[in-house]
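In what follows, a single structure is set out as structure tokens and then discussed.
The values are calculated or read from the model by the stated rules, or taken from the named source; none is laboratory data. Because the structure is a prediction, the values reported are computed rather than measured. With ideal geometry, Cβ positions are generated from the backbone for all residues, glycine too; neighbour counts draw on all protein chains shown. The area values use the complete protein model at the heavy-atom level, side chains included, leaving out ligands, DNA and RNA. Shrake-Rupley method; radii C 1.70, N 1.55, O 1.52, S 1.80 Å.
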Amino acid sequence: MISLRLLLIGGFVVLFQTTVMKLFEFYQIGPDLCLIFIVWAALKHGPIAGLYSGFLIGGLFDVYSYVDFLGVGMLVKSVLGYSIGLADDHVIQLEWTTKVMILFIAFFVHDIVYNFMIGLSSDAFSQSLLSSTLPAALYTVFIASIVFNLSNKKSYE
């Protein structure tokens, strides 16, 4: 039942990210709701849920966006989801601030590994890190702090 619910939520997040979130972009920089979902699923349900949600979302985005390196997003998001899932909420109850810090680090790890795997040059990589990754990470963390804070309040009730 949990896997079906995660599949439906993941599909809705991808649909929402590719359609509605375009309205909330500033200078072509927007939050990454899919990465928020992967981190949430991994922390809430464990490493296998993080792996599957990363695989699903990475696969959908690899097919949806035309890139020469099909499968790189799926690989990076799956490994990231599994790795984050090792800090499972069932083992230790994490505060929402800790979850936001994990997401912030995961955002940079995702972009660094993804850009490395597609063979981005060092000049373009450093430019991309400052001009798009950092602002997008801050925007994503802002949205995630609201989501994780609300999620933590629900789990304590």
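What accessible area per residue comes out for the chain, rounded to a whole number of Å², with a 1.4 Å probe?
With all protein chains present, the chain gives 59 Å² per residue.
Between rounded, prolate and oblate, where does the chain land on the alpha carbon gyration tensor, with a ≥ b ≥ c its root eigenvalues, rounded for a/c under 1.5, else prolate if a/b exceeds b/c?
prolate
So if we plug the beta-carbon distance of residue 112 and residue 4 into 1/(1 + (r/R0)^6) with R0 = 30 Å, what FRET efficiency do we get, rounded to 0.05?
Here the calculated transfer efficiency is 0.35.
For segment 1-107, what % of the accessible area comes from carbon and sulfur atoms, probe 1.4 Å?
C and S atoms contribute 73 percent here.
Which of 128, 145, 53 ends up with the largest GNM mean-square fluctuation for the chain, with Cα atoms connected below 10 Å?
Evaluated over the chain, the most mobile residue of the options is 128.
Loop only per DSSP, at most 14 neighbouring Cβ atoms within 10 Å: give me the chymotrypsin sites (Phe, Trp or Tyr not before Pro) in segment 77-135, ordered by residue number.
Counting only loop positions with at most 14 other Cβ atoms within 10 Å, none of the chymotrypsin sites (Phe, Trp or Tyr not before Pro) in segment 77-135 qualifies.
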